[in-house]
Amino acid sequence: MSLAVLLPELRELERQTMTAPLGLRFRDNATGAVVNEGLSVSAWAVAQPASRRTARASYSGVYHLANLPGLRAAEQGRGDDAFWQAVTTQPFMVEVVDQWERFLPFRFELAAPRRGVYAGEDLLTDSPPQQPPGIPLFSAATRGVPSALAVARATLFDPLNQRPAAWALIELQFGGRLLARSFADAQGQVTLLFPYPDLQTNPLIAPASPPLSGPSLRNQQWTLQWRARYERLPAVAPVPGALALPDGRALLAQQPAQLWADAARTQAFAGTALKFGEAVIARSRDFTHDPLRGEPLPSLLITPG
């Protein structure tokens, strides 16, 4: 008996397509690695802060958001060129919280639906060298330090406002090259993790080429320049009980600020020495402040520019 007799003719009666309105990829700003575990990613319509939706992560490290309010018709669209040319977007707020406490919480506004995977192309105009595409995540003070990375820490304090300099942005440079960038948490604590600069013959200047000989590894030393941006950004909770965070784009676009080497604020903070295998702790001379627990805490003074 012929199989053609047994198999009925199949006719396509209807075709339904689903289009993901928003996909996000994140990377560790210290290592460049894609982060696809431990993150809680959610979004809500800016005009409807109670309309929060939670993203799901794929094995490739893309976080997909679906069922966003006002986008039902877009999610049922064909997803072809004609669809994306005619689509109407609306603003959403995206929030990222690391449940493993490696990275600082982060929030930013983004229009959706959006074609392709959003990788933070417009969040930062420059990044440390050789960073792959991805929304940058910045190290928290609670993060462990991988053995291959250098670490610099500071507790930032605003003497004019008499409180920790929450959300201040810090950049480290060596030889005119950006090594690391991060921002302070609500208590003013900032942690910067980054690969060590190239080994060198003269440990106080940037090398023009890899050295043929020089100090042993444990004697390597680099002079780091610190740059700050700080505007006393307000932190807002979208709904009662939610995290109070500043706007992420405003955070990354803060204006230059001044770091101080001494408690009297007569000398600008020039920088710190980085020694291989040792953590850098930046602080102003002769200054401590008493946090809520009542213990003196050495701090690095910062004032808005």
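The values are calculated or read from the model by the stated rules, or taken from the named source; none is laboratory data. Note that the structure is predicted; figures quoted are calculated from it, not measured. Note that we place each Cβ from the backbone using ideal geometry, even for glycine, and neighbour counts take in every protein chain shown. Protein only, heavy atoms only, side chains kept; ligands, DNA and RNA dropped before computing areas. Shrake-Rupley method; radii C 1.70, N 1.55, O 1.52, S 1.80 Å.
In whole percent, what relative contact order does the range 18-62 give with Cα contacts below 8 Å and a gap of six or more residues?
It rounds to 36 percent for the range 18-62.
When the Karplus curve 6.51 cos²θ - 1.76 cosθ + 1.60 is applied with θ = phi - 60°, which whole-Hz ³J(HN,Hα) does each residue of the range 273-286 get, with x for Gly and Pro?
So the J values, rounded to whole Hz, are 8, 9, 10, 4, x, 10, 6, 9, 10, 8, 7, 8, 5, 6.
Output ³J(HN,Hα) for the range 265-272: one whole-Hz value per residue in order, computed from phi by the Karplus curve 6.51 cos²θ - 1.76 cosθ + 1.60 with θ = phi - 60°, and x for Gly and Pro.
Calculated HN-Hα couplings, in order: 6, 9, 10, 5, 6, 7, x, 9 Hz.
Could you check how much of the accessible area of the range 226-305 is carbon and sulfur, as a whole percent, using a 1.4 Å probe?
Carbon and sulfur together cover 53 percent of it.
Would you report the distance distribution of C-alpha pairs in the range 88-170 as whole percents per 5 angstrom bin, up to the bin with the largest distance?
3, 9, 16, 20, 20, 15, 9, 6, 2, 0
When ranked by the protection proxy of mean other Cβ atoms within 10 Å per residue, highest first, what sequence do the peptides 168-181, 36-49 form?
168-181, 36-49
DSSP loop trypsin sites (Lys or Arg not before Pro) in the range 213-252 with at most 14 other Cβ atoms within 10 Å of their Cβ, which ones?
none
For the range 232-273, rounded, prolate or oblate, judged on the Cα gyration tensor with a ≥ b ≥ c (square roots of eigenvalues), a/c < 1.5 rounded, else prolate if a/b > b/c?
Verdict is prolate for the range 232-273.
Scan around Phe103 for amide H atoms under 5 Å from its own, H built in the peptide plane at 1.01 Å from N, and keep only partners 5 or more places away or cross-chain.
For Phe103, the qualifying residues are Asp98, Ala140.
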